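These notes concern the structure reproduced below.
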Amino acid sequence: MNSDFSHFMSRRGFLVAATGFVSTTLLTTRSPRASELDERELKAAHGRASLAGPDSPWTAVWAYDGTVPGPILRVQQGRPVRITVQNGLSEDTTVHWHGIRLQNAMDGVPGLTQAPIKPGTSFVYEFTPPDAGTFWYHPHADSLVQLGRGLAGAFIVEEAEPIVVDRDLVWMLQDWRLTADRQIVPGSGSTMDAAMSGRVGNVVTLNGTVPADQRVRAGERVRLRIINASLARIMALRFEGHHPIIVAIDGQPCDPYEAEDGRLVLAPAMRIDVVVDMQGDPGKRHAVIDDYYDGLAYTLITLAYDNAPPLRAHPLDAPVGLPRNPLSEPNLGNAERQEIVLQGGMMGGGKLAGVGGMMGMATPGMNGSPAWAINGMSMTGDGHAGMAPQFTLKRGTTCHLTMRNETAWWHPMHIHGFSMSVLARNGSPVPHRQWQDTVLLAPKDTIECAFVADNPGDWMLHCHVADHQMAGLMTVFRVT
Ligand code: C2O
Ligand code: CU
Ligand code: CU
């Protein structure tokens, strides 16, 4: 091949990619790379961040690679990745690759799947992401403190053949509890936080700053990957004047749909991918509002149209449905049934339900003592050695899992190592063929899910409200 020809080829490859269409030429020039190891490094350390823009006062944070949130790691589906994590903190840490179906030893749970990474040492994570989608990474040690101080980042696994959009954006949302001089309120949890809604903060950032504008162009189609990396804040986003189409939840494609009331509900750890056609007029501004908590609505960000004429006269008519990931289809006719009952927390009148008495604790939820339980058992902290599994599944069986919330609080229940097909909520079938790794249970909700136990190991199942997890809303199951 002469150099002119290869120049032509690479130029053509670029043009093809830039227009968003993938040709076979591009695929064949790309495939040798797809098996090559993708090597990355990540360092957790103390740092400083200007959460309200470059001129605002500093907040002392803990950060990956010095930024809050950490760098967006973009990798390719099916391509092996090796990430060397250095611990520059003064305490143990680990990294958990939230939502990625990887081998147990790479799951990042201290004591359970690996020894914690000691200060000044490193750990090499190596896995091949089987699913394309929007995931994220965060520590699984001293979570309330480490996640609360900013350690989190987006982990994007790209499809081999992405859908056609003009731009692919990540909105990483974090909630902070700051003092008047903009420092993170210290403390590792209080009784009230632990036994009630968790540590909801007073400042929400988008990609690390108190949001101002998201610049958009009239007529463009944007894929927006929204990640709620908060400790406890639940969000419900409403796009004024726009119709976002939900195309994936927790990284897993669903049948595209528009949320019934137009609200995108994101509990901590949840992700939603939407496709938005920017159909506003040049120069116009439209708010994106979070109105989850009654009476506490605020503008998260404003879609600010620039003055350029529309990119196109009519919205793109390219399909928005994402290719499905290679998940094993549950065999419901031959499933093993398991039930998880969520118990505890504060009841009306400031009384703590069940758990405290059960565990013989004087001040439940205080100093790491349990405020919550799963099936009568309270596992507290972040994960440690010797956690006995709640149930054991033979590899290959379908587990039909029922989760029942007996408490008066909301809980985003998260499963490690798997994605679950969400079958029913309070007896009504859940539409759009949704798979999730984090399912939000309202008070008294019952959720039915199913997954194939195709990934051996000891896996965590816990509430992702950090205080709840630490105070007992956590369990482990085993696949042999
Ligand atoms: Cu995102 Cu067990 O965690
Ligand atoms: Cu996880
Ligand atoms: Cu919870």
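Taking 17 Å as the straight-line reach from the Cα of K444, the aspartates and glutamates in range (excluding those fewer than 8 positions away in the same chain) are E339, E406. Solvent exposure of the chain amounts to 40 Å² per residue of accessible area, where only protein heavy atoms count and the probe is 1.4 Å. In straight-distance terms, cross-link reach from K43 covers every one of the aspartates and glutamates whose alpha-carbon lies under 18 Å from its own, apart from those fewer than eight places away in the same chain; here that gives D65, E91, D92, D107, E126, D142. Across K444, K394, the residue with the most accessible area heads the list, and the full order at a 1.4 Å probe is K394, K444. About its Cα centre, the dipole of region 66-199 is roughly 260 debye, where the only charges are +1 on Lys and Arg Cβ and -1 on Asp and Glu Cβ. Rolling a 1.4 Å probe over the protein chains gives S56 an accessible area of about 20 Å².
Name the residue from L102, G88, G153 whose Cα lies farthest towards the positive end of the charge dipole of region 52-159, charges +1 on Cβ of Lys and Arg and -1 on Cβ of Asp and Glu. Towards the positive end, the residue furthest out is L102. Relative to the Cα centre, the charge distribution of the chain, modelled as +1 at Lys and Arg Cβ and -1 at Asp and Glu Cβ, gives a dipole magnitude of about 280 debye. Helix-only arithmetic for the chain: the sum of -39500 (n - 2.57) across DSSP H runs with n ≥ 4, divided by the residue total, places the mean residue ellipticity at 222 nm at -3000 deg cm²/dmol. Taking a Cβ cut-off of under 14 Å around W459, the surrounding Lys, Arg, Asp and Glu residues balance to a net charge of -1, with basic ones at +1 and acidic ones at -1.
Considering only M278, V204, A248, the residue lying farthest towards the positive end of the dipole of region 167-305 is V204, judged by Cα position with unit charges set on Cβ. Taking the C-alpha atoms only, the angle from helix 3-19 to the longest principal axis of the chain is near 60 degrees. Computed from Cα atoms alone, the Kirkwood hydrodynamic radius reported for region 167-305 is 15.9 Å. Charged side chains reduced to their Cβ positions (Lys and Arg at +1, Asp and Glu at -1) give region 167-305 a dipole of some 460 debye around its Cα centre.
Beta bridges per DSSP, both residues in region 22-158: antiparallel share near 65 percent. Taking every protein chain into account, the 1.4 Å probe leaves E161 with about 110 Å² of accessible area, to the nearest ten. Along each principal axis, taking the top coordinate minus the bottom one, the Cα set of the chain gives 77, 51, 50 Å in descending order. For the chain, give the share of DSSP beta bridges that are antiparallel, in percent and rounded to the nearest 5; count only bridges with both residues there. Restricted to the chain, the bridges split so that about 70 percent are antiparallel.
Can you tell me what percent of all Cα-Cα pairs in region 29-119 are more than 15 Å apart? Cα-Cα pairs of region 29-119 separated by over 15 Å account for 69 percent. Note on K284: aspartates and glutamates with a C-alpha under 19 Å away, same-chain residues under 8 apart excluded, are D213, E220, E240, D306.
Only protein atoms count toward the accessible area here, which uses a 1.4 Å probe; on the chain, the carbon and sulfur part of that area reaches 54 percent.
Rounded to the nearest 10 degrees, the inclination of helix 24-34 to the longest alpha-carbon principal axis of the chain is 40 degrees.
The values are calculated or read from the model by the stated rules, or taken from the named source; none is laboratory data. Since the structure is predicted, the reported quantities are computational estimates derived from the model, not experimental observations. We place every Cβ from the backbone using ideal geometry, glycine too, and count neighbours over all the protein chains shown. Keep in mind that these areas ignore ligands, DNA and RNA; they rest on the heavy atoms of the full protein, side chains included. Shrake-Rupley method; radii C 1.70, N 1.55, O 1.52, S 1.80 Å.
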